[in-house]
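In what follows, a structure is listed as structure tokens, so that the remarks can point back to it.
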Amino acid sequence: MVEELVAAGVTLASAGLVYVATAARVVKQYERGVVFRLGKLRPEVRGPGFTMIVPGVDKMRKVNMQIVTMPIPAQEGITRDNVTVRVDAVVYFKVTAPAEAVVRVEDYRFAVSQMAQTSLRSIIGKSELDDLLSSREKLNQGLELMIDSPAVEWGVTIDRVEIKDVSLPETMKRSMARQAEADRERRARVINADAELQASKKLAEAAHQMSDAPAALQLRLLQTVMAVAAEKNSTLVLPIPVELLRFLEKGAQVAASAPESGGEARRAAPVESRTVQDELPSGEARLDPEPDVSILRQE
């Protein structure tokens with residue numbers, strides 16, 4: 001009798017252990033458990049930790065609550081300004097209502113992926129090329145709203161959508177490169193012209209200042225000579241100072257404006273010299289402008 005009781009107790013204990021092992025479930029911290037009892041959804045959602053279900057009657061499905069990073073395959077489309085582009089993006093989403101994510105949609109990951117691709121093609125068709133290249137933040141917000149609207153009914157919340165890359169045809173890339181080069185050249189010319197204008201104004205002020213003080217021009221010339229003389233492999237040629245040229249010019253003007261009497265006196269001087277030479281004795285050498293003739297007369 002005792003042995004039968006012991007055997008029955010062991011059997012019950014074994015059956016209890018098997019039941020516990022079959023009914024026991026462990027839900028991780030980032031998961032939630034959705035339980036179906038005979039195919040019907042139970043209202044309570046099992047939280048993280050140890051939980052029990054009825055074996056053979058209940059069925060629990062675990063739903064990941066972490067943020068999912070899903071790349072959107074590259075989509076080709078034509079922009080509003082008739083440019084063919086290829087755009088790829090990435091979407092970040094998470095499940096906020098585990099029961100709805102399991103019941104309302106067969107596979108919420110696949111549904112979000114298809115919705116993201118469709119929305120991305122729609123954004124490409126509504127946008128221009130400049131918007132795709134420069135206004136990505138605005139397009140990201142619009143794409144997020146387009147995906148989030150139907151995803152809310154599935155118990156999924158879109159956290160963020162980012163456009164990763166925009167691929168352009170080679171001809172369009174070359175055209176954009178030429179446009180950027182021309183724009184940079186235009187800005188360089190404008191900056192250079194502005195610099196020339198400012199420099200001309202400063203040079204005009206310096207010229208007016210030097211006209212009031214002529215010695216300043218000579219000092220500037222000396223500074224230029226010192227700057228050029230610093231180079232050891234150069235030949236330095238000093239120009240004639242402007243003041244010396246002005247002095248010679250004034251002297252020439254004074255000589256040209258002298259009275260005619262002075263000219264007649266200069267013309268009479270050679271005649272007197274010839275008269276004196278004629279009066280010299282015959283044995284002395286006569287002064288003559290021609291040296292060869294004077295030598296013959298001495299002989």
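The values are calculated or read from the model by the stated rules, or taken from the named source; none is laboratory data. Source: prediction; values computed, not measured. In this analysis, Cβ positions are derived from the backbone assuming ideal geometry, glycine residues included, and neighbour counts consider all displayed protein chains. Keep in mind that these areas ignore ligands, DNA and RNA; they rest on the heavy atoms of the full protein, side chains included. Shrake-Rupley method; radii C 1.70, N 1.55, O 1.52, S 1.80 Å.
Quick look at the values:
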{"read-out": "Region 34-54 - residue that is under 15 Å from T96 (Cα atoms) and touching a residue at least 40 places away in the same chain (Cβ under 8 Å) and, of those, least open to solvent (accessible area, probe 1.4 Å)", "value": "V34"}
{"read-out": "Unmet requirement for V166, which otherwise passes all of (1) of a type outside the set (G, A, S); (2) part of a helix (DSSP H, G or I); (3) open to solvent by less than 70 Å² (accessible area, probe 1.4 Å)", "value": "(2)"}
{"read-out": "So V57, is it open to solvent by 60 Å² or more (accessible area, probe 1.4 Å) and free of Cβ contacts under 8 Å to residues at least 24 places away in the same chain", "value": "no"}
{"read-out": "Matching strands (runs of 3 or more DSSP E) fully within region 2-101 where at least 2 residues are closer than 30 Å to R160 by Cα", "value": "31-37, 40-46, 58-64, 68-78, 84-95"}
{"read-out": "Breaking point among (1) basic (K, R); (2) assigned to a strand (DSSP E or B); (3) under 25 Å from E31 (Cβ atoms), for R109", "value": "(2)"}
{"read-out": "Subset of region 107-128 (residues that are out of contact with any helix residue (DSSP H, G or I) (no Cβ under 8 Å at 6 or more places or on another chain) and not β-branched (V, I, T))", "value": "D107, R109, F110, S113, Q114, Q117, R121, G125, K126, E128"}
{"read-out": "Check on E196, closer than 30 Å to T79 by Cβ and open to solvent by 70 Å² or more (accessible area, probe 1.4 Å)", "value": "no"}
{"read-out": "Matching residues, region 81-101, being open to solvent by 20 Å² or more (accessible area, probe 1.4 Å) and within 28 Å of V34 (Cα to Cα)", "value": "Y92, K94, T96, A97, A99, E100"}
{"read-out": "Selected residue [closer than 17 Å to T79 by Cα, surrounded by 16 or more Cβ atoms within 10 Å (Cβ to Cβ) and in contact with a Gly (Cβ under 9 Å, 6 or more places away or on another chain)] from L129, L139, L120, L143", "value": "L120"}
{"read-out": "Set E260, E231, E249, E264: member being open to solvent by 100 Å² or more (accessible area, probe 1.4 Å), at pLDDT 75 or above and out of contact with any His (no Cβ under 6 Å at 6 or more places or on another chain)", "value": "E249"}
{"read-out": "Matching residues, region 107-117, being of a type outside the set (S, T, N, Q) and open to solvent by 70 Å² or more (accessible area, probe 1.4 Å)", "value": "D107, R109, F110"}
{"read-out": "Given (1) of a type outside the set (D, E, K, R); (2) loosely packed, with under 13 Cβ neighbours inside 10 Å; (3) under 60 Å from the mean Cα position of the chain (by Cα); (4) under 29 Å from E100 (Cα atoms), index of the condition I78 fails", "value": "(4)"}
{"read-out": "Verdict on R104 being within 24 Å of R160 (Cβ to Cβ) and surrounded by fewer than 15 Cβ atoms within 10 Å (Cβ to Cβ)", "value": "yes"}
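Here is a yes/no grid of residues against (1) touching a residue at least 40 places away in the same chain (Cβ under 8 Å); (2) in contact with a strand residue (DSSP E or B) (Cβ under 9 Å, 6 or more places away or on another chain); (3) not in a helix (DSSP H, G or I):
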residue: L143; (1), (2), (3): yes, yes, no
residue: E162; (1), (2), (3): yes, yes, yes
residue: S175; (1), (2), (3): no, no, no
residue: D183; (1), (2), (3): no, no, no
residue: L197; (1), (2), (3): no, no, no
residue: A206; (1), (2), (3): no, no, no
residue: A216; (1), (2), (3): no, no, no
residue: R220; (1), (2), (3): no, no, no
